[in-house]
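Reading through the structure tokens given below for one structure.
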Amino acid sequence: MKGIDGLRRLSGGASRETLSFSADGRALILRKDPPGAVAGGLAREADLLRAARAAGVPVPDVVASGDGGDGVGAPYIVMNHVEGETIARRILRDDEYADARPLMARQCGEILAAIHSIPTDATGGLPDDDPLEKYAGVYAMFDEPHPTFDLALKWLRARRPSTTRRTLVHGDFRNGNLIVGPEGVRSVLDWELAHIGDPIEDLGWLCANAWRFGGLLPVGGFGTYDDLVAGYEAASGVEVDRAALNWWEAAANLSWGVICIAQAATHRSGAVRSVELAAIGRRVCETEWDLLGNFDAAGWPS
Amino acid sequence: MTDDVHDVPTASELVEAVREFLERDVMTATEGRVQFHTRVAINVLNMVQRELTVGVEQADAHAERLATLGIASEKELSAAIASGALDDRLADVVAVVRAAVRDKLTVANPKYIANSP
């Protein structure tokens with residue numbers, strides 16, 4: 001590469017850094033671990049981005065990647081910059097995306113079908129633990145009783161979907177991790193939470209109330225269950241069990257609630273003092289309210 | 001909240017004064033990340049004011065509701081649900097839990113109940 005211009009830090013801090021720059025007139029993004037980071041996460045993400053692209057998933061094109069053994073000194077990925085919006089409240093409210101919004105639920109269904117066709121051996125070391133029990137364990141770690149979550153665990157354990165499909169799961173497919181243009185979804189970001197599991201998990205996560213950002217429609221605040229499922233079924237040829245989708249949406253609400261507890265604990269422990277993290281502790285009751293709605297919709301107690 | 005020891009302004013009025021300062025002066029003088037965190041801080045102070053107003057009353061009501069289940073605390077309720085000890089009274093349990101969550105939202109984010117689907 002000859003000239004590097006316009007190097008600009010987009011985000012970062014104690015953990016991973018994201019920088020934008022252009023090289024030979026091409027707009028690029030660099031994601032880089034801090035010096036001394038354990039190799040693995042970003043190398044896996046580079047593998048996944050390449051495999052996703054091969055499977056027809058809209059993702060940035062990986063231009064270069066490395067494990068830190070080269071001059072960069074830490075694991076990194078260089079990818080092309082995809083123009084568009086990631087901020088949910090703009091995507092959900094700005095006129096610029098008015099035509100995109102009615103299309104996006106179906107597009108998300110189609111994209112998720114492509115993600116679930118990525119070979120599960122596209123990269124090594126993908127976790128395959130049960131998400132419900134994982135978050136049950138995190139909840140138990142904190143001595144912060146939330147009776148709604150105990151009810152949710154009881155409810156979810158008694159109604160596990162009997163699915164046998166195991167695919168690659170994106171793990172964080174939602175508003176905020178999608179680059180959107182006036183025509184709809186352009187790119188899927190943040191593959192750090194990818195794992196092996198029941199693919200309907202991704203559909204349920206996208207429907208969790210937290211990702212609607214105040215929008216009234218169930219799929220990310222922009223679309224309907226019917227459009228999401230229709231897009232998924234048409235592209236995958238697999239029928240979506242609506243009860244399983246509801247189950248995964250409730251599981252997502254529980255997971256997000258537990259994540260909120262963990263984030264507030266990060267502040268309270270002194271690890272990262274932040275008014276934002278502190279405030280998140282008082283958002284846990286939003287997920288409790290959502291879970292009570294999930295119980296009502298599906299019938300509880302039975 | 002009033003008490004006999006401290007002078008006015010009350011705790012609630014002091015919180016309100018800080019919030020008004022953030023709204024009037026800090027929001028207009030900042031941008032980006034600091035402005036975002038200022039907005040979060042304003043929301044937090046609104047929450048604190050609401051809790052100062054209704055917190056004691058809510059705690060009493062919650063204790064009364066728990067007592068109808070023969071339970072003394074959130075921790076005990078949590079454990080009783082998990083162990084199955086209240087499985088034959090789940091409708092009552094859900095009603096008690098829902099009332100508590102409603103109270104928490106009344107303080108934390110009152111719009112959430114009105115806006116929920």
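The values are calculated or read from the model by the stated rules, or taken from the named source; none is laboratory data. What you see is a predicted model; the values in this text were computed from it and never measured. Because the Cβ atoms are built from the backbone with ideal geometry, glycine has one as well, and the counts that use them run over all protein chains shown. Surface areas here come from the heavy atoms of the whole protein model, side chains and all, with no ligands, DNA or RNA. Shrake-Rupley method; radii C 1.70, N 1.55, O 1.52, S 1.80 Å.
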Check your understanding: Does residue B:99 qualify as being closer than 20 Å to residue A:150 by Cβ, free of Cβ contacts under 8 Å to residues at least 60 places away in the same chain, more than 9 Å from chain A (Cβ to nearest Cβ) and not in a loop (DSSP other than H, G, I, E, B)?
Key -> yes
Review point. Taking the range A:246-276 as the search range and keeping residues that are part of a helix (DSSP H, G or I) and at the interface with chain B (Cβ under 10 Å from one of its Cβ atoms), which one is surrounded by the most Cβ atoms within 10 Å (Cβ to Cβ)?
Key: A:276
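Residue-by-condition table, conditions (1) closer than 18 Å to residue A:265 by Cβ; (2) within 20 Å of the chain's Cα centre (by Cα); (3) surrounded by 14 or more Cβ atoms within 10 Å (Cβ to Cβ):
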{"position": "A:114", "(1), (2), (3)": "no, yes, yes"}
{"position": "A:117", "(1), (2), (3)": "no, yes, yes"}
{"position": "A:123", "(1), (2), (3)": "no, yes, yes"}
{"position": "A:128", "(1), (2), (3)": "no, yes, no"}
{"position": "A:133", "(1), (2), (3)": "no, yes, no"}
{"position": "A:137", "(1), (2), (3)": "yes, no, no"}
{"position": "A:140", "(1), (2), (3)": "yes, no, no"}
{"position": "A:145", "(1), (2), (3)": "yes, no, yes"}
{"position": "A:150", "(1), (2), (3)": "no, no, yes"}
Review point. Which residue, of B:30, B:38, is away from chain A (no Cβ under 12 Å), closer than 22 Å to residue A:274 by Cα, of a type in the set (Ser, Thr, Tyr) and open to solvent by less than 60 Å² (accessible area, probe 1.4 Å)?
Key: B:30
Review point. For residue A:234, all conditions in the list (1) surrounded by fewer than 21 Cβ atoms within 10 Å (Cβ to Cβ); (2) touching a Ser or Thr at 6+ places or on another chain (Cβ under 9 Å) hold save one; what is the number of the exception?
Key: (2)
Exercise for review: Please tell me if residue A:243 is out of contact with any helix residue (DSSP H, G or I) (no Cβ under 7 Å at 6 or more places or on another chain), under 29 Å from residue A:284 (Cα atoms) and surrounded by fewer than 20 Cβ atoms within 10 Å (Cβ to Cβ).
Suggested key: yes
Study note, to complete from the structure: Only one of (1) free of Cβ contacts under 8 Å to residues at least 40 places away in the same chain; (2) surrounded by 15 or more Cβ atoms within 10 Å (Cβ to Cβ) does not apply to residue A:88, and that is (1)
Exercise for review: Show the residue pairs that are 6+ apart or on different chains and have beta-carbon atoms under 6 Å apart, the first residue being within the range A:51-66 and outside the structural domain of residue A:188 (by TED's automatic domain parsing) and buried (at least 17 other Cβ atoms within 10 Å of the Cβ), the second being modelled with pLDDT under 95 and among the aromatic types (Phe, Trp, Tyr).
Suggested key: A:66/A:76
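Per-residue answers, yes or no, for (1) within 14 Å of chain B (Cβ to nearest Cβ); (2) of a type outside the set (S, T, N, Q):
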| residue | (1), (2) |
| --- | --- |
| A:157 | yes, yes |
| A:162 | no, no |
| A:169 | no, yes |
| A:180 | no, yes |
| A:190 | no, yes |
| A:200 | no, yes |
| A:209 | yes, no |
| A:227 | no, yes |
Revision key, fill the gap. When the range A:277-290 is checked residue by residue, the ones that are among the aliphatic types (A, V, I, L, M), open to solvent by less than 30 Å² (accessible area, probe 1.4 Å) and more than 9 Å from chain B (Cβ to nearest Cβ) are A:280
Exercise for review: Of the numbered conditions (1) within 11 Å of chain A (Cβ to nearest Cβ); (2) buried (at least 18 other Cβ atoms within 10 Å of the Cβ); (3) more than 24 Å from residue A:288 (Cβ to Cβ), residue B:66 fails exactly one; give the number of that condition.
Suggested key: (3)
Study note, to complete from the structure: How many residues of the range B:102-117 are assigned to a helix (DSSP H, G or I), open to solvent by 60 Å² or more (accessible area, probe 1.4 Å) and facing another protein chain (nearest Cβ under 7 Å)? The answer is 2
